[in-house]
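Heads up, the thing below is written out as structure tokens.
None of the figures in this text is laboratory data; all of them are computed from the coordinates on show. The model shown is predicted, which means the values in this text are computed figures rather than measured ones. Don't worry about glycine lacking a Cβ; one is built from the backbone with ideal geometry, like all the others, and counts go over all protein chains shown.
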Amino acid sequence: MSGVPGMTGPPGADETDAERRRRRARFLRELAEARELRNRVQPRRAKAARLRHAMRMRTFRW
């Protein structure tokens, strides 16, 4: 994949578990940060999403 830093060969070629976990942790941190930013910028939409999620959880049958 040319143009993408850190990607020199096929996926998983020389990648260790530790590198993969670090990359995944960084991705999840960035995802959570983006979600928090979106919730701050669009509070009404975030509140509606929270209410929808609460309704889904209340009606979920175990």
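Results, tabulated for the structure shown:
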read-out: Matching residues, the range 32-42, being surrounded by 10 or more Cβ atoms within 10 Å (Cβ to Cβ) and either touching a residue at least 60 places away in the same chain (Cβ under 8 Å) or in a helix (DSSP H, G or I) (or both); value: Ala32, Glu33, Ala34, Arg35, Glu36, Leu37, Arg38, Asn39
read-out: Any hit, the range 15-22, residues being part of a loop (DSSP other than H, G, I, E, B) and surrounded by 10 or more Cβ atoms within 10 Å (Cβ to Cβ); value: yes
